[in-house]
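Read through the structure below, which is laid out as C-alpha cells, and then see the notes.
The values are calculated or read from the model by the stated rules, or taken from the named source; none is laboratory data. In this text, all values refer to a predicted model and were calculated from it rather than measured experimentally. Here the Cβ is made from the backbone with ideal geometry for all residues, glycine too, and neighbour counts use every protein chain on show. To get the accessible areas, we keep the full protein, side chains included, count just its heavy atoms, and leave off ligands, DNA and RNA. Shrake-Rupley method; radii C 1.70, N 1.55, O 1.52, S 1.80 Å.
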Amino acid sequence: MKKWIVCLIVFNLMGCATSPMVKQRKTVKVVHVPPTVSAKPSGVKGKLDARYADWKGTRYKMGGNDKRGVDCSGFVHRTFRETFGISIPRTTRSLAKTGKPVKKKDLRVGDLVLFKTGITLRHVGIYMGHNTFLHVSTRKGVTQSKLDNPYWRKRYWTARRVF
C-alpha cells in the first residue's frame, strides 16, 4: 500500500515531458513561421487531421519522441516541426511561455492548450476546433478529447498561439 502511494506521488511530480534531469534551454521564442503555413483554420485543420490519422493510437511513453511511444510535449513539438516547419520548445513548461496568450473563448485551430493535471504535472495538446483538442493520453495514446469533458474542463490552465 505504501509503495503505491509513493509511486503515485513520484509519477505526479514527473510531468509528461522529458525527464527533469534533462537541462532545458531558456529560449522559448518561435524561430520561424514559413510562408507556406496558412493562417486560415481550414488549412491548419486539414494538416492536423492528417497528422492525427497518421499518429492515432501511438502509445504514451514518458520522454518518448517517435511512433514507438511519445509524450504530450514530444508529440506537439514534432507536429509543429514536421507539419508546419515551426521550431517550438520540447517541454510543457517552456511551451506555456511560447507564442502569445489566448483566451479560451478566442481559441483557433492550431493553438496550444495546456492543463494542470497534478501538483507540478502539466499536459499540452493542440486545439482542433469545435471544442476538441489533439493530445497524447496515457491510456489511449494519440487521441482527441473534448475541452468540456469534466476531467479536462476542471484542469484547463491556459492557451498559447504560436502562429
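The aspartates and glutamates whose alpha-carbon is closer than 18 Å to the alpha-carbon of Lys116, local same-chain residues fewer than 8 away aside, are Asp71, Asp148. Remark: accessible surface ordering of Asp111, Asp106 (largest first) is Asp106, Asp111, probe radius 1.4 Å.
Measuring nothing but protein heavy atoms, the accessible surface of the range 50-146 at 1.4 Å probe radius is 48 percent carbon and sulfur. Compared with the direct C-alpha span, the chain from Tyr156 to Lys61 gains 32.0 nm at full extension, assuming 0.36 nm per residue. Per-residue packing, averaged as other Cβ atoms within 10 Å, sorts the ranges 87-96, 112-121 into the order 87-96, 112-121, beginning with the highest.
For the range 64-104, applying the loop criterion from DSSP together with a ceiling of 15 other beta carbons within 10 Å to the chymotrypsin sites (Phe, Trp or Tyr not before Pro) yields no site.
Across the cross-link table entries Lys45/Lys97; Lys67/Lys103; Lys67/Lys105; Lys45/Lys105; Lys56/Lys146, which are compared at the Cα atoms, the separations over 27 Å belong to Lys67/Lys103; Lys67/Lys105.
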